[in-house]
């Protein structure tokens with residue numbers, strides 16, 4: 001197999017796994033832990049309902065003014081949608097920094113690295129939810145298939161804004177008492193965003209198997225590095241997985257695994273002060289020299305050079 005897995009089988013264990021116990025870690029927060037850490041306030045408790053770890057929606061300006069300090073690289077156990085109606089918001093999501101203005105939106109999937117400051121002036125809506133708020137046909141939606149920053153056209157932006165307003169009204173009035181209505185409007189919103197994201201950046205065709213494969217890679221890329229690992233999880237043969245993913249995306253499963261690992265590595269290089277060896281171990285590669293060769297193969301520069309380019313920009 002090509003790509004990442006040119007490391008000989010006999011030395012695979014030496015190239016991957018074995019993450020040091022002294023490794024620095026990016027903190028992972030649920031919504032309760034995050035709000036207690038960065039915006040502890042009696043005002044916030046008035047905005048959020050009892051079950052806000054599953055779902056909440058607030059006005060951006062009401063929550064953002066309570067942020068007490070710059071939020072460093074962090075991860076969330078839930079998904080976040082931020083729609084701006086006035087001003088702008090700046091946030092690092094993954095390996096890129098986004099400046100979002102009126103009528104635009106940012107999406108941060110659960111598990112993605114993000115960071116932001118505390119000096120932006122803006123208005124809009126912030127919706128945070130866990131997957132268990134969606135059920136039935138809704139639960140198969142994934143934010144990882146959409147770009148982090150979406151600029152919908154004017155008509156789509158109006159539809160999206162109305163859905164945010166409807167969700168805000170429902171949550172403010174009833175909390176999660178009418179969960180079926182919340183789930184229905186949330187799913188409609190996610191579908192609008194999916195189509196808007198497709199027109200913004202272009203999205204590969206997909207299938208249920210392909211979508212499930214990509215979700216699994218995002219979850220397990222630190223420890224599962226071979227196509228056969230994911231084929232086993234999906235109860236299909238490696239050959240069938242190869243053919244299906246390549247047919248719908250134009251890229252092989254191996255390439256997807258490589259790119260997701262490199263995307264995480266670039267995120268850590270951009271948003272943290274981890275050393276190169278620490279970044280390598282964090283993405284499951286304990287051989288630093290091999291990690292450097294892998295990074296250069298895909299990015300054209302070494303990890304050190306990549307970080308230097310970010311610092312200069």
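Each value in this text was obtained by applying a stated rule to the coordinates, not by laboratory testing. Computed from a predicted structure; not experimentally measured. All Cβ positions, glycine included, derive from the backbone under ideal geometry; neighbour counts span all protein chains shown.
Select from 169, 213, 129 the residue whose mean-square fluctuation is largest in a Gaussian network model of the chain (Cα-Cα springs shorter than 10 Å). Taking springs between Cα atoms under 10 Å, the residue moving most is 169. Relative to the longest principal Cα axis of the chain, at what angle does helix 179-201 sit, 0 to 90 degrees, rounded to 10? Between the helix axis and the principal axis of the chain, the angle is about 60 degrees.
Write down Rg/Rh for the chain, rounded to two decimals, with Rg from the C-alpha atoms and Rh from the Kirkwood relation over Cα pairs. Numbers along the way, then the final one.
Values: Rg = 20.2 Å, Rh = 20.8 Å.
Here Rg/Rh amounts to 0.97.
Relative contact order of the range 27-201, taken over Cα pairs closer than 8 Å and 6 or more residues apart, is 23 percent.
Nearest 500 deg cm²/dmol is fine: what mean residue ellipticity at 222 nm does the chain get from its DSSP H runs of n ≥ 4 alone, each adding -39,500 (n - 2.57), divided by its residue count? Walk me through the numbers on the way to the answer.
Working: 13 runs with 148 residues, N = 313.
Theoretical 222 nm ellipticity from helices: -14500 deg cm²/dmol.
Return the FRET efficiency for the residue pair residue 130, residue 288: r is the Cβ-Cβ distance, R0 is 35 Å, and the value is rounded to the nearest 0.05. My answer for the efficiency is 0.45.
DSSP bridge analysis restricted to the chain gives an antiparallel fraction near 90%, rounded to the nearest 5.
Normalising the average separation of contacting C-alpha pairs (under 8 angstrom, six or more residues apart) by the number of residues puts the relative contact order of the range 207-313 at 21 percent. Taking label points 7 Å from Cα along the Cα-to-Cβ direction, residue 61 and residue 263 give a separation of 3.4 nm.
Spacing of the modelled spin labels on residue 69 and residue 154, each 7 Å from Cα toward Cβ, amounts to 4.5 nm. Going by alpha carbons, how many degrees (0 to 90, nearest 10) lie between the helix axis of 238-249 and the longest principal axis of the chain? Helix 238-249 sits roughly 50 degrees off the main axis of the chain.
Give me the percent relative contact order of the chain, please, defined on Cα pairs under 8 angstrom at least 6 residues apart.
On the way: 471 pairs, mean separation 63.0, N = 313.
Over the chain, the number comes to 20 percent.
Only Cα pairs within less than 10 Å get springs; with that Gaussian network setup on the chain, which residue of 195, 220, 154 has the largest fluctuation? The residue with the greatest mean-square fluctuation here is 154. Here r is the Cβ-Cβ distance between residue 234 and residue 297 and R0 is 30 Å; the resulting FRET efficiency, rounded to 0.05, is 0.65. In this rough spin-label picture, where each label sits 7 Å from Cα along the Cβ direction, the residue 310-residue 99 distance is 1.9 nm. How far, in degrees from 0 to 90, does helix 288-299 lean away from the longest principal axis of the Cα atoms of the chain, to the nearest 10? With rounding to tens, the tilt is 70 degrees.
Full extension of the segment from residue 179 to residue 222, taken as 0.36 nm per residue of separation minus the current Cα-Cα distance, would add 12.0 nm.
Order of 26-39, 273-286 by packing, highest average Cβ count within 10 Å first?
On the way: 26-39: 16.2, 273-286: 19.7.
Put in order of decreasing packing, that is 273-286, 26-39.
Assuming a ≥ b ≥ c are the square roots of the Cα gyration tensor eigenvalues, decide whether the range 27-201 counts as rounded (a/c under 1.5), prolate (otherwise, with a/b larger than b/c) or oblate. Walk me through the intermediate numbers first.
Values: a/c = 1.32, a/b = 1.06, b/c = 1.25.
Because its axes are fairly even, with a/c under 1.5, the range 27-201 counts as rounded.
With one equal scatterer per alpha carbon and no solvent term, the Debye-computed log10 I(q)/I(0) for the range 31-115 at 0.15, 0.21 1/Å reads -0.56, -1.18.
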